Amino acid sequence: MRPGEILGLKWEHVNTDSIEIKQRLYRGAIDTPKTHFSVRSAAISSGLVHEIEEWRSFSPDPTPQSSVFPSENLRTPLLKDNCWRRHMLPKLKAVGLEWANFQVMRRTHASLLNELTGDPKLVADQLGQSVDVNPERLHTVGCGAAETNGRAIGIGADFAICSTNGVQEKWCAYN
């Protein structure tokens, strides 16, 4: 999901096995999703369902019309830049990944999902992309032998997540 789709969620959009993407948070306002392909039902894992239910138990207002991720005043959704600056970036800096951003995470998710399913159409549908997604952008690449004996999973400018046997080991560069 795109950051605006996540932050624009209301509890009524969260189901037991999927999330209905019907709106997004764009520049601080609730808006329609980016494209007509973006209006979708995104599958979620049972582990994520558990995490969401735990989050709901801590939510100050878990009623259907309330934001899943409210701001401090509880009247508006949390803003992407505030969430990034206050919560995510400090944790990424602590492990040397301050260069990663929402787009890197989304692209990495796309590559992992493509490797898992082998179905670019399914990946495109899950991510809210058009049907004519370029399958060459959804692939795995080999890391240099000096870096690891594993595989690099990811797409982007000059990064990859290297893994062996499906377990993330480290980030490495590739061209």
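Read the figures in this text as sums done on the coordinates, not as results from a lab. This one's a predicted model, so the numbers in the text were calculated from it and none came from an experiment. Don't worry about glycine lacking a Cβ; one is built from the backbone with ideal geometry, like all the others, and counts go over all protein chains shown.
Overview of results
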{"item": "Selection within segment 57-97 - of a type in the set (A, V, I, L, M) and under 16 Å from residue 30 (Cβ atoms)", "result": "68, 74, 78, 79"}
{"item": "Residue pairs meeting the criteria (Cβ under 6 Å; at least 6 apart or on separate chains; first closer than 19 Å to residue 124 by Cβ, in segment 27-55; second of a type in the set (Lys, Arg))", "result": "33/24"}
{"item": "The one condition in (1) surrounded by fewer than 16 Cβ atoms within 10 Å (Cβ to Cβ); (2) in contact (Cβ under 8 Å) with a residue 60 or more places away in the chain that residue 77 fails to fulfil", "result": "(1)"}
